[in-house]
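Trainee: Once you've had a glance at the structure underneath, I'll fire off some questions.
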Ligand code: GDP
Ligand code: MG
């Protein structure tokens, strides 16, 4: 998707006069790109109308960068669509909260319950897990395994078949034990059938949760809106978590889920492992969705790179991303670091303010995990030279792989290929 939007904007930057035709053409291209990303048709149409209303080309003073204004308008509108304006319920430490998870079978509820519990446990909560899924064979074993691995107390039964009774027993038990975050995992079905919703309603009524979280597979495409709405109509959903955002998910599901439930997206699941769980950040998500780094800023900066660090330039255009570039990027050092931070996906990484704690947790995890890397004298050198901890440099290395993949994608972009053929002047 990023590519198409970038292309649309590139097209606009190539025409000196941005008139209504160009705006329309740009909107058409962006519309197509958003639909390809599985954004619901109605939402795309609304977005298109809003942008037309906001961007009044006639009233823009000459000299304004109209391309930037349109780009900003698209960005703002998408952010607005994802921001319900109301923060989700926040459990408080030391005060009992009950959080119930709902969603179709296979959406990732059980996995996400543990991720959610672990996330809070690391931050000082005392979570506990209750398995109220008596529908699927092996459901309790799965939760038990996850919980044991994460060292989180759990409750469930192999014999009791009434989910309501287990939920109530579990919640009561953990209230007595002064757990402050009691998480109830429920069953799902393959389809949005009446029995599932009835069971959900009963469990909800009996346990009176402070928050019901709707878990949805992020890769289900256009079906997202209807599914989310069906759940919303049966249970008072207060937040959404999208899973499997590491796979083929194209992101449109996020907009649909928020629009249908009118609830904020709070976390995303990015893998099967327990730590593959991220706080959802609207702005970085939208940037990723439309592939919108600050492209014009990038082009300015990249010209500086060519001048000051030509070796970096060649490497990047060939799809290589080196440790040195990573280092510059991380510290926002040098024109390369600054240029890369303006690119789609990369900038977002750096903008994760307020997540320093998570980063620290990551660093701690990495501390002893890869001794092979610790021996690398290059890392030591970089750590010494930058006054950073080795563990921090190792975290960068972890991200390096990700950037390497992005650099490959970048090198295959038409714009970059042209750049390689024609040199900087082709920009
Ligand atoms: P439930 O039926 O809703 O409880 O779903 P599960 O938690 O059992 O998950 C179903 C499958 O999805 C399992 O194989 C999980 O490992 C997998 N899964 C869950 N979350 C994610 C995620 O964020 N990314 C990936 N790739 N797989 C996930
Ligand atoms: Mg389950």
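Trainee: Across region 141-289, what fraction of all alpha-carbon pairs, as a whole percent, falls in each successive 5 Å bin from zero upward?
Mentor: Per 5 Å bin, starting at zero, the Cα-Cα P(r) for region 141-289 comes out as 2, 9, 16, 19, 20, 17, 11, 4, 1, 0 percent.
Trainee: Continuing with this model, one more query. Pull out the extension gain between residue 135 and residue 76, defined as 0.36 nm times the separation in residues minus the alpha carbon to alpha carbon distance; nm, one decimal.
Mentor: Working: separation 59, 0.36 × 59 = 21.24 nm, distance 4.31 nm.
Gain in length upon complete extension: 16.9 nm.
Trainee: While we're looking at this one, here's another question. If I model region 183-223 as equal point scatterers sitting on the Cα atoms and use the Debye formula, what is log10 I(q)/I(0) at q = 0.15, 0.30 Å⁻¹?
Mentor: Those come out to -0.43, -1.18, one per q.
Trainee: Follow-up. Go ahead and run the numbers for FRET between residue 52 and residue 230, Cβ-Cβ distance against an R0 of 25 Å, rounding to 0.05.
Mentor: On the way: r = 32 Å, r/R0 = 1.27.
The calculated FRET efficiency here is 0.20.
Trainee: Something else: Calculate, axis by axis, the spread of Cα positions in region 122-169 along the three principal axes, and write the results as whole Å, longest axis first.
Mentor: Principal axes ranked by extent give 33, 20, 12 Å for the Cα atoms.
Trainee: Still on this model: Can you bin region 78-139 into rounded, prolate or oblate? Criterion: square roots of the alpha carbon gyration tensor eigenvalues sorted a ≥ b ≥ c, rounded for a/c under 1.5, prolate for a/b above b/c, oblate for the rest. All intermediate terms of the calculation are to be shown ahead of the outcome.
Mentor: Details: a/c = 2.27, a/b = 1.21, b/c = 1.87.
Judged from the Cα gyration tensor, region 78-139 comes out oblate (a/c at least 1.5, b/c at or above a/b).
Trainee: Related question: Using 10 Å bins from zero, what percent of all Cα-Cα pairs in region 136-217 falls into each bin?
Mentor: 15, 50, 32, 3
Trainee: Another question about this same structure. Hey, rough spin-label estimate for residue 165 and residue 41, points 7 angstrom out along Cα→Cβ, what's it come to in nanometres?
Mentor: Taking the simple label geometry, residue 165 and residue 41 are separated by 4.9 nm.
Trainee: Can you bin region 30-189 into rounded, prolate or oblate? Criterion: square roots of the alpha carbon gyration tensor eigenvalues sorted a ≥ b ≥ c, rounded for a/c under 1.5, prolate for a/b above b/c, oblate for the rest. Can you show the working numbers first?
Mentor: Details: a/c = 3.70, a/b = 2.45, b/c = 1.51.
Note, shape of region 30-189 comes out prolate.
We did not get these values from a lab; they are worked out from the coordinates using the rules stated. Here the structure is a predicted model, which means the values were calculated and not measured. With ideal geometry, Cβ positions are generated from the backbone for all residues, glycine too; neighbour counts draw on all protein chains shown.
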